[in-house]
Amino acid sequence: MTLYESMKKGVHAAAQAAGFQIVRTERMKSLVDPAGSRLAGILRYHGIQTVFDVGGNIGGYGASLRAWGFEGKIISFEPTSAAFKDLSRRAAADTNWIAFNFVLGAEDGVASINVASNSGMSSSLMPMLDAHRESAPEIEYISAEQISVKTLDSAARDVVGPNQTLMLKMDVQGFEHLVLRGAIETLPRVQVIECELSFVPLYEGQLLFPEMLALFESMGFLPVSFDPVFVDRVSGHCLQIEGVFARPHAQ
């Protein structure tokens, strides 16, 4: 046994005696954030070069992508003014991260967005329904803002090349199907889609899980990962999950 192996064995033994376990950094990332670790693997497997971060909020998702090891381009879209200030600061410190202060939808125009009390994370162009209020009574709409709306097709033309392999992440509170409606030209290059899927109506006019599942299937995407994100604190029922969908990819 070499000196290094002897020291390594001694350190592991001491840690176990104290009730700890030493694991490699990558293994620790997987233990702490299994969903993120799984998504990082999906991005690598599909060769994703650019991520559209639709509903970027204050930049948490983009920061997580970097923590998971993604080095490609991040293009974030956040319509609310307060969240965009933080997002733009984060993006400015990263040479491969761009942030835009508008929302994506089915057509170019203007709209009014309802700004939520939880740092804007539940902000939506759609009215919030009772099921959402009852499960999270601390969250409410506190103001409204006039915002610009663009389609993903019009936004993407100047920021991604024709041969880029894309991922589309949507965190738009019930507006997902309208974002997709404005992405007809761009979708053929999208290999992975991530978005929230609701089992019960949380926002007026949103499509529920079965309808979104059928929509993704019609576009050639298959479900590859699900994680709960919104659970009723009284019943324990899962109201909303985070779903990842991908195009079939040969081994």
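Which numbered condition trips up Arg90, out of (1) free of Cβ contacts under 8 Å to residues at least 24 places away in the same chain; (2) surrounded by 16 or more Cβ atoms within 10 Å (Cβ to Cβ)?
Here Arg90 meets the rest and fails (1).
Has region 169-179 got any residue that is surrounded by fewer than 16 Cβ atoms within 10 Å (Cβ to Cβ) and among the basic types (Lys, Arg)?
Here is the first cut: in region 169-179, the residues surrounded by fewer than 16 Cβ atoms within 10 Å (Cβ to Cβ) are none.
No - not one qualifying residue is present in region 169-179.
Can you report the number of residues in region 48-87 which are in contact (Cβ under 8 Å) with a residue 60 or more places away in the chain, of a type in the set (S, T, N, Q) and over 23 Å from Leu178 (Cβ atoms)?
So the answer is 1.
Yes/no matrix, rows are residues, columns are (1) more than 16 Å from Ile193 (Cα to Cα); (2) modelled with pLDDT of 95 or more:
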{"position": "Ile48", "(1), (2)": "no, yes"}
{"position": "Gly62", "(1), (2)": "no, yes"}
{"position": "Trp68", "(1), (2)": "yes, no"}
{"position": "Ala82", "(1), (2)": "yes, no"}
{"position": "Phe102", "(1), (2)": "yes, yes"}
{"position": "Leu129", "(1), (2)": "yes, no"}
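Does region 230-237 contain any residue that is surrounded by fewer than 21 Cβ atoms within 10 Å (Cβ to Cβ) and modelled with pLDDT of 95 or more?
no
Only one of these conditions is not met by Ala144: (1) at pLDDT below 95; (2) outside any helix (DSSP H, G or I); (3) surrounded by 16 or more Cβ atoms within 10 Å (Cβ to Cβ). Which number is it?
If we test Ala144 against (1) at pLDDT below 95; (2) outside any helix (DSSP H, G or I); (3) surrounded by 16 or more Cβ atoms within 10 Å (Cβ to Cβ), just (3) comes out false.
The values are calculated or read from the model by the stated rules, or taken from the named source; none is laboratory data. Quantities reported herein were computed from a predicted structural model and do not represent experimental measurements. Positions of Cβ are backbone-derived with ideal geometry, glycine not excepted, and every protein chain shown enters the neighbour counts.
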